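Since every read-out is calculated from the coordinates, none of them should be taken as a lab result. All of these numbers come straight from a predicted model, not from anything done at the bench. For neighbour counting, all protein chains shown are included, and Cβ atoms are generated from backbone atoms with ideal geometry for every residue, glycine included.
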Number of protein chains: 2
Amino acid sequence: MPAAGPRRLHLNAFLMNAGHHDAAWRHPRTQPERVTDRRYFQHLAQTAERGKLDSLFFADGLALWGKVKHNALGGFEPLTLLSALATVTEHIGLIATVSTTFNDPFHTARKFASLDHLSGGRAGWNIVTSGTVDEARNFGQDAHLEHGLRYDRAREFVEVATKLWDSWEDDAVLLDRVRGIYVDAGKVQPIDHRGEHFAVQGPLNVPRSPQGYPLLVQAGSSEDGKEFAAQYAEAVFTAQQTLADGQAFYKDLKNRLARYGRSEDDLKILPGICPVIGSTEAEARALEQELTDLQVPEYGLAQLSGMLGTDLTGLPLDGPLPALPEERDINGNKSRFTLVAELARRDGLTLRELIARLGGGRGHRVFAGTPEQIADQLEEWFTQGAADGFNVMPPHLPGGLEDFVDHVVPLLQDRGLFRTEYTGRTLREHYGLPRPAGRLAPSVTAAEGQPA
Amino acid sequence: MPAAGPRRLHLNAFLMNAGHHDAAWRHPRTQPERVTDRRYFQHLAQTAERGKLDSLFFADGLALWGKVKHNALGGFEPLTLLSALATVTEHIGLIATVSTTFNDPFHTARKFASLDHLSGGRAGWNIVTSGTVDEARNFGQDAHLEHGLRYDRAREFVEVATKLWDSWEDDAVLLDRVRGIYVDAGKVQPIDHRGEHFAVQGPLNVPRSPQGYPLLVQAGSSEDGKEFAAQYAEAVFTAQQTLADGQAFYKDLKNRLARYGRSEDDLKILPGICPVIGSTEAEARALEQELTDLQVPEYGLAQLSGMLGTDLTGLPLDGPLPALPEERDINGNKSRFTLVAELARRDGLTLRELIARLGGGRGHRVFAGTPEQIADQLEEWFTQGAADGFNVMPPHLPGGLEDFVDHVVPLLQDRGLFRTEYTGRTLREHYGLPRPAGRLAPSVTAAEGQPA
């Protein structure tokens, strides 16, 4: 149900420890000593809510990322952190990344139902697959699953989760104290799922939550990823470097929806943007340069090696990239590989230049400018068929988010592009997406939760 | 490090939806319509903290329990709920039950480390094994693991978790902005665990938390359970019906500690008590009778069938128990089976009488009386070698907890048996238990988190 009135864009705050720039923790405006202090994230969440943003979001991985020496990206686990933030916010959506590769659907469906109750209907699930050997090795496996198999598992995982969320009808809980009937047992049903990857009896041990399902989010842009998104996702985070690329991706993905019986409004596309904000363009560029100057090339090279599936250790920083494999031979993040390889080729970058270019957003678009220039960029992408909204990735935190909320959001509001107050109660309502109807037919009845 | 001064007892609030009595939800003093409202649990947690209790605790199961029609014990998942409660409390410990049977040690260690950071050192883990077929069937298995095997897996699970918590030294995070060194890489080490049940590379992706490890709690009283507790647990919840049984259990468990190189102070024993509180004894007994009168026999019979591993459906409520299996043939909760069977035999109870007796605490001790009488009971068990503290199980919530905090706690304080203010900061400090030293030797050094 899209809201009546003018089309409005959606904003998600993608929060990451000291910020998205890989050298953010070295910058004087950040507070890396606070990344295991919940009050730090409480301030960030409340700042995003002050800006009336739709949601905030945490990425996740199931292993310690990258070269720990120069930037240890460990810290809070998203579901526990977001549960804590649910009590200190009132409106903003809370999106957690949880992998389908090394989790069980029962646990995952249950925790999201719990978060949705805790937050009064503000939970979202960024559905990912885990594609690194270090993650596999934390779960008893020596190699990680092949890309296509990971998506097969992900599809079945989501199917099981949605069946579990539907295993209680909305009106199952009766609480008839006089007759001693707590639940209408016919409205709580096992799911009896038996598939390729999972066998799950159900029902869930959580009553149906305010949103029915958490908002389903997806962030992979490979062929497998786009097809998965077209089938299941309601919001998509994507990395697009140019307006033309953004338009092509937008059109491609929206066009895929019809084959799953879905309309274009059923899925919101949010390209990432890392806004480097200054009160003048020169100030913004100077801040960008400060951050680049703080990069540790050894760290950047290790990150780049991971993205490109190619060991770059020891190569001259001022030389070109070596020959790269084909996307089909990449078993990690395929779309990020292609984006980075394309960026280096298109602009003829040296390794050092590529590391600098990727430092701010790991392949997401970085834009340095004044609040007006940034608002112009967002308006252009939003009105020119490249975006329904944006995944905002502040290069440094908390300042980069505060600047966005205080200086960019008001411009978007003045232009009539963004809400000035929350009008909905749930995350789905913020995004203009419907609450899923349960799948238990009203006519089904059975005694004591057993199948008819 | 036990605190100097007189020996003080410890109190844990065991919270359960509308209360521990199985008919609590039908009683006018309860609010079952609020069990998926976090503000309800927020009130309970703040009430327990007002009483200066050491901790609060949630049990857990990985399937919907019992006869859903008459008492659907679903609701929040403990780790998400406790994470939410961490932000609205300041002192009280937060203990979550997590099963070792259908979880991965990496996820579990990580979530508890996250909760410990979120709460500033107040996390506790009640380590259980899952012993029902309904739980197994939610995780792809048609039968559940044999009791001894479940404990084998539990031991290895805890070993892996403690290695993961120790995979970061306390002083690993350097944040040397000038030199660009985030972490002393020699102080973050893989664990390279390869065992019978798990292969986990590590390190954890969470820096070492305030308590080092969450408080390790255990609640099984079978032979396997007691031996597990003697090896790992720092607090034990147990069901004991009489002072003599409590003393025997206390002595037995404390005597087992030496073989693991532990002292009696290293483990606190907290028998459960369901206090039915009235301003007179007659008022307390009347409340107990009210609750009994609200029981649904069909529900009680189903619960009893589960505890006794015996289908009792259709048996006359006013007749005796049928012949029961031996404990060695029970593959669920062995100690609860024996306790219930013994209770019925000792007191010659009919099925109806047994259901009434178990309604308040599912085998835990129920005591109805005035605040003075309840304080007397606690003092007796505490001073006569049966308890280091108590697992307080209010029959109805929130009133039963409010009455305990407002009327029983002050008596314990007046008698010098219980704290009047929190003196410690962490859950371990409340219980007088030491923070575990990390296991990485200070001399170990290696580059980039690789083993030397």
**Prompt:** Which Cα, out of B:T108, A:Q31, A:N391, lies furthest along the positive dipole direction of the protein assembly as shown (beta carbon charges, K/R +1, D/E -1)?
**Reply:** A:Q31
**Rg to Rh, two decimals, where the range A:1-44 supplies the alpha carbon set and Rh follows Kirkwood** = 1.23
**Item:** the range B:1-82 - convex hull of alpha carbons, volume per residue in Å³
**Value:** 134 Å³
**Request:** Take the eigenvalues of the Cα gyration tensor for the range B:177-223, scale each by 5, and report the square roots as semi-axes in whole Å, largest first.
**Result:** 32, 18, 6
**Message:** Just to verify a number: FRET efficiency for A:E327 and A:Q231, C-beta to C-beta distance, R0 = 22 Å, to 0.05?
**Reply:** 0.55
**Prompt:** Taking one equal scatterer on every alpha-carbon of the range A:113-199, how large is log10 of I(q)/I(0) by Debye at q = 0.25 1/Å?
**Reply:** -1.22
**Complete:** The alpha-carbon center of the range B:22-68 and that of the range A:194-217 are separated, in whole Å, by 23 Å
**Fill in**
Here D for the range B:239-389, in µm²/s, from Stokes-Einstein with a Kirkwood Rh over Cα pairs at 20 °C and 1.002 mPa s, works out to 126 µm²/s
**Request:** Of the DSSP beta bridges with both residues in the range B:71-215, give the percent that are antiparallel, rounding to the nearest 5.
**Result:** 40 percent
**Request:** Distances from B:T383 to the same position in the other copies: list them in nm, one decimal, shortest first, using label points 7 Å from Cα along Cα→Cβ.
**Result:** 8.2
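Which value, in Å³ per residue, describes the convex hull spanned by the Cα atoms of the range B:57-189?
With only Cα atoms used, the range B:57-189 gives 137 Å³ per residue.
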**Asked** Taking Cα pairs under 8 Å and at least six residues apart, what relative contact order does chain A come out at, in percent?
**Response** 24 percent
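Which pairs, out of A:K69/B:K111; A:K254/A:K334; A:K251/A:K334; A:K52/B:K69; A:K163/B:K163, put more than 30 Å between their alpha-carbon atoms? Please list the in-between numbers first.
Values: A:K69/B:K111 23 Å; A:K254/A:K334 20 Å; A:K251/A:K334 20 Å; A:K52/B:K69 42 Å; A:K163/B:K163 36 Å.
With Cα atoms farther than 30 Å apart: A:K52/B:K69; A:K163/B:K163.
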**Prompt:** In whole Å, what are the Cα extents of the protein assembly as shown along the three principal axes, biggest one first?
**Reply:** 88, 67, 46
**Asked** When you take every Cα atom in chain A, what is the radius of gyration, and what is Dmax, the widest Cα pair distance, in Å?
**Response** 22.3, 80
**Request:** Compute the label-point distances linking A:D293 to its equivalents in the other copies; points lie 7 Å from Cα along Cα→Cβ; give nm, one decimal, shortest first.
**Result:** 8.2
**Fill in**
Residue by residue through the range B:129-140, the couplings from Karplus 6.51 cos²θ - 1.76 cosθ + 1.60 with θ = phi - 60°, in Hz, x for Gly and Pro, are 10, 9, x, 10, 5, 4, 5, 4, 6, 8, 10, x
**Prompt:** Between copies, how far does the label point of B:R435 sit from its twins, in nm, shortest first, when each point is 7 Å from Cα along Cα→Cβ?
**Reply:** 4.6
**Message:** Based on the alpha-carbon set only, what is the convex hull volume of the range A:236-286 divided per residue, in Å³?
**Reply:** 85 Å³
**Asked** Does the range B:265-324 classify as rounded, prolate or oblate by the C-alpha gyration tensor (a ≥ b ≥ c root eigenvalues; a/c under 1.5 gives rounded; else a/b over b/c gives prolate, otherwise oblate)?
**Response** oblate
**Item:** Qualifying GluC sites (Glu not before Pro) for the range A:371-430 [loop in DSSP, other Cβ within 10 Å: at most 16]
**Value:** A:E421
**Gyration tensor (alpha-carbon) shape descriptor, the range B:294-367, a/c threshold 1.5** = rounded
**Request:** Indicate the gyration tensor shape class of the range B:170-293 (rounded, prolate or oblate), computed on the Cα atoms with a ≥ b ≥ c the square roots of the eigenvalues: a/c under 1.5 is rounded; otherwise a/b larger than b/c is prolate and the rest oblate.
**Result:** prolate
**Asked** Do any trypsin sites (Lys or Arg not before Pro) in the range B:167-208 lie in a DSSP loop with no more than 13 other beta carbon atoms within 10 Å, and if so, which?
**Response** B:R179
**Fill in**
Rounded to one decimal in nm, the spacing of the 7 Å Cα→Cβ label points at A:D170 and B:D60 is 3.0 nm
**Message:** Give me the three principal axis extents of the range B:47-93 from the C-alpha atoms, as integers in angstrom, largest value leading.
**Reply:** 37, 20, 13
**Asked** Is any residue of the range A:366-406 close enough, with backbone N under 14 Å, to a label point placed 7 angstrom from the Cα of A:D414 along the Cα-Cβ axis, and if so, which?
**Response** A:370-376, A:406
**Item:** Estimated distance in nm for a label pair at A:E380 and A:Q46, the labels positioned 7 Å out from Cα along Cα-to-Cβ
**Value:** 3.7 nm
**Message:** Please give the Cα centre distance for the range B:326-346 versus the range A:98-176, rounded to the nearest Å.
**Reply:** 37 Å
